[in-house]
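These notes are about the structure you will find just below.
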Amino acid sequence: MRLIRQLSSALLGALILAAALLGALAPASAHDAAESTSPASGATVAAPPEQVSVTFNKNPLALGSQILVNDAAGTNWSDGAVEIVDNVASQKLKAGAPAGAYTVVWRVVSSDSHPIEGSFTFTATTGAAGSTAAAAVPTMGTAQPGTTPAPSQPVSSAEPFPWSIVIFVGTAIGILVVLGLMAKSRLKPDSGSDTKS
């Protein structure tokens with residue numbers, strides 16, 4: 001009877017500790033988030049910037065990052081690959097971007113390997129240097145300035161393996177084993193003293 005009470009109290013203690021560990025792991029498993037953008041969302045700037053950027057609360061991973069900078073006609077003005085330095089993802093723009101409204105659509109892989117995405121807008125009151133000349137006379141056989149094919153890799157919809165749950169379960173099992181061994185070691189001296197008397 002005493003053994004059952006000790007095991008049930010050890011199990012209760014392990015469950016309480018496991019619940020506390022799960023509560024501690026929950027904030028750590030929250031996805032990363034964008035904190036600010038440049039230009040600021042909804043801002044009006046004198047001319048299209050040389051680059052746009054998104055600042056995150058944690059450092060995103062460089063895999064699969066994409067930032068599209070589309071003008072009002074839907075032309076993408078992104079130039080080259082996304083650059084990630086610490087927690088800032090930046091995208092250069094092609095020269096000659098016109099005046100008008102722009103929509104920036106971004107997608108990165110967060111530090112916990114989940115894809116996150118978002119968008120923001122800004123307006124340029126004048127075009128960048130060379131924008132009128134480039135847009136005025138497109139010739140046959142040449143692409144419109146700023147047109148870039150979208151990356152052909154599809155975004156993976158599969159969720160990454162939940163390592164935090166594996167760590168939690170492993171910790172809980174370890175705690176149960178330790179508590180069981182402690183209960184067993186406490187029972188041995190008691191049974192020995194019973195046989196002596």
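Assorted remarks:
- If you take all other residues with their beta carbon under 14 Å from the beta carbon of Glu83, and give Lys and Arg +1 and Asp and Glu -1, the sum is -2.
- Nearest-20 debye value, the stretch 34-136 charge dipole, Cβ charges on Lys, Arg, Asp, Glu: 140
- Packing-based exposure ordering (other Cβ within 10 Å, fewest first) of Ile67, Ile173: Ile173, Ile67
- Listed by Cβ neighbour count within 10 Å, with the fewest neighbours leading, Ser36, Ser185 appear as Ser185, Ser36.
- Net +/- balance of residues flanking Pro60 in space, Cβ distance below 15 Å, scoring K and R +1, D and E -1: -4
- For the stretch 34-136, averaging the sequence separation of C-alpha pairs within contact (under 8 Å, six or more residues apart) and dividing by the residue count gives a relative contact order of 33 percent.
- Taking other C-beta atoms within 10 angstrom as a stand-in for reagent exposure, Thr123, Thr44, Thr75 fall in the order Thr44, Thr123, Thr75, fewest first.
We did not get these values from a lab; they are worked out from the coordinates using the rules stated. All of these numbers come straight from a predicted model, not from anything done at the bench. Heads up, the Cβs are rebuilt from the backbone with ideal geometry, glycines too, and the neighbour counts pull from every protein chain shown.
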